[in-house]
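Please read the structure below before turning to the comments.
The values are calculated or read from the model by the stated rules, or taken from the named source; none is laboratory data. Everything numeric in this text was worked out from a predicted model, so none of it was measured. Because the Cβ atoms are built from the backbone with ideal geometry, glycine has one as well, and the counts that use them run over all protein chains shown. SASA here: full protein model, heavy atoms, side chains in, ligands and nucleic acids out. Shrake-Rupley method; radii C 1.70, N 1.55, O 1.52, S 1.80 Å.
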Amino acid sequence: MLQLYDETASKKATNLSINSDLLSKARELKINLSATLERALADELRTTERDKWLKSNKKAIESLNELAERNGLFSDSYRNF
């Protein structure tokens, strides 16, 4: 699978502003803010890159779907469902 970013890159300190009640509750539960933010950003990056790829390949995907609809798939005779 293609890596979207370098997971081994060094950490960089940054300042953020977030809802104070949310922060307080997260700290009470000892939630690791850095790890949580990294996971959320990675998920967002993955979603954004996926959407960008689908948009840039939309015509090709539609063409392949039309071709398959017109001619069927090479594996149709082997499928049991």
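Quick one: would you say residue 8 is open to solvent by less than 80 Å² (accessible area, probe 1.4 Å) and either touching a helix residue (DSSP H, G or I) at 6+ places or on another chain (Cβ under 6 Å) or β-branched (Val, Ile, Thr) (or both)? No. Of everything in segment 58-81 that is assigned to a loop (DSSP other than H, G, I, E, B) and loosely packed, with under 10 Cβ neighbours inside 10 Å, the residue that is farthest from the chain's Cα centre (by Cα) is 80.
Contact annotation: residue pairs with Cβ atoms under 9 Å, 6 or more positions apart or on different chains, pairing a residue in segment 15-27 that is open to solvent by 100 Å² or more (accessible area, probe 1.4 Å) with a partner that is in a helix (DSSP H, G or I), are 16/33; 16/37; 27/33.
The residues on offer are 49, 38, and the sole one that is charged (D, E, K, R), open to solvent by less than 80 Å² (accessible area, probe 1.4 Å) and modelled with pLDDT of 95 or more is 49.
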